[in-house]
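Heads up: the structure comes next, in structure tokens.
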Amino acid sequence: MRVSPTHLKILASALDVEGFDASLILKRCGIDSLDALEQHGTWVSLDVFDRAMAAAVEASGDPSFGLVVGKSIAMMQFRLFTPLALSAPSLRQVFADLLHFSPLALDRCEIELAETAHDARLKIDALVQQGLSGHFRTEQVACGAMQMLRLAGAEPRDIHQIQFPYACPEGQATRYAAAFGRHVSFGQPVCAIGFNRALLDAVQPSHDPVAYLAARTRAELALSAKASGNDLAEQVRQCLLKAFPEQLSVQDTAARLGISERRLRRQLQMLGLSYSDLLQQCQRLVAERLLADAALSLKQVADTLGFSSVSTFHRAFRRWAGVTPSDWREGRRP
């Protein structure tokens, strides 16, 4: 599973705002700096995002740092969904848009709406649910859901219950109450927020028909570009993998796909990708296949991939996977 680099930018920006050195956390995950993350660039593995969240909690020394990031200005600064949520006609439309456009940021939506005759419920199904990062992500997504309810005009009496599937972090009960209200309970089967069902169809105080239409049009275009770009990106990947160990130039690949180099570059750019991104993705896939063969030395793997030295391969693989080739191999051992 992979996530948009937007999530790492939100995390890093929130760390910087709170006075922590985000670059150190990113480097621990094989990312050189915040500038190296393009908002619409190549998606990162969930494993890298998992490690980044855990590292952020450790660096901040705050067991409930997800409550901080969930309300951070960075959440609004980097999210395509923000203008949609602010200008949507109703809360029901907000959650419908969240589900529809979630592929722009995640492989699956983390918030699910359910209704009964008198109540409505948001189930929070965080991408990561275990350990430090699991608590962090659950807090962050739950805070985001509460922000949506408050934008819709929810008052304290409209929030019926908030459930968390873990014990209350030591000394954090007051902070949870401040973030979610007084109906918070822990040790529940799932994370969920129960609220007044009437909020779903009430007109949102911030509704702006013109702004909403503009925001939705931009989101639809981005979704369409991602869908068509994914098809092309997959064709490029297959072309590169089929040609391995030969490394095709962008001109060669375009010719094999029967399109112009200019069109190839433009369509990949619409997806937030570059030819170099796809080439490195394929190099990583082949590298992992070769590393899985314990009979091959790291030098043999590096040579086969076309790297000038083992150290160059080492740096590249750490950038791709967040771990060294040796650590990756070690992690596969039974």
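The values are calculated or read from the model by the stated rules, or taken from the named source; none is laboratory data. The structure presented is a predicted model; accordingly, all values stated were derived computationally and were not measured. When we count neighbours, we look across all protein chains shown, and the Cβ atoms used for this are built from the backbone with ideal geometry, even at glycine.
Things to note:
- Condition met for residue 218 (assigned to a helix (DSSP H, G or I) and either of a type outside the set (A, V, I, L, M, F, W, C) or over 27 Å from residue 62 (Cβ atoms) (or both)): yes
- Where residue 168 falls short, out of the listed (1) farther than 23 Å from residue 136 by Cα; (2) without any contact (Cβ under 8 Å) to a residue 40 or more places away in the chain; (3) in the same structural domain as residue 130 (by TED's automatic domain parsing): (1)
- When residues of the range 140-155 are limited to those that are surrounded by fewer than 24 Cβ atoms within 10 Å (Cβ to Cβ) and not aliphatic (A, V, I, L, M), the one nearest to residue 98 (Cα to Cα): 144
- The residue that is modelled with the lowest pLDDT, counting only those in the range 112-139 that are crowded, with 18+ Cβ neighbours inside 10 Å and closer than 11 Å to residue 57 by Cβ, is 132.
- Pairs meeting the criteria (first residue in the range 288-309 and farther than 19 Å from residue 240 by Cβ, second residue part of a loop (DSSP other than H, G, I, E, B), beta carbons under 9 Å, at least 6 apart or on different chains) are 294/333; 299/309.
- Within the range 252-274, being within 22 Å of the chain's Cα centre (by Cα) and surrounded by 15 or more Cβ atoms within 10 Å (Cβ to Cβ) holds for 268, 270, 271, 272, 273, 274.
- Flag for residue 239 being assigned to a helix (DSSP H, G or I), outside the structural domain of residue 31 (by TED's automatic domain parsing) and touching a Ser or Thr at 6+ places or on another chain (Cβ under 6 Å): yes
- Within the range 222-251, considering residues that are over 20 Å from the mean Cα position of the chain (by Cα) and among the aliphatic types (A, V, I, L, M), the one modelled with the lowest pLDDT: 232
- Some residue of the range 194-206 being free of Cβ contacts under 8 Å to residues at least 24 places away in the same chain and either buried (at least 16 other Cβ atoms within 10 Å of the Cβ) or in contact with a Leu (Cβ under 6 Å, 6 or more places away or on another chain) (or both): no
- Among (1) modelled with pLDDT under 95; (2) touching a helix residue (DSSP H, G or I) at 6+ places or on another chain (Cβ under 8 Å) - the single one residue 162 does not satisfy: (1)
- All positions within the range 170-211 that are over 28 Å from the mean Cα position of the chain (by Cα) and at positive phi: 171
- Single residue of 48, 94 found to be at pLDDT 90 or above, over 23 Å from residue 172 (Cβ atoms) and out of contact with any strand residue (DSSP E or B) (no Cβ under 6 Å at 6 or more places or on another chain): 94
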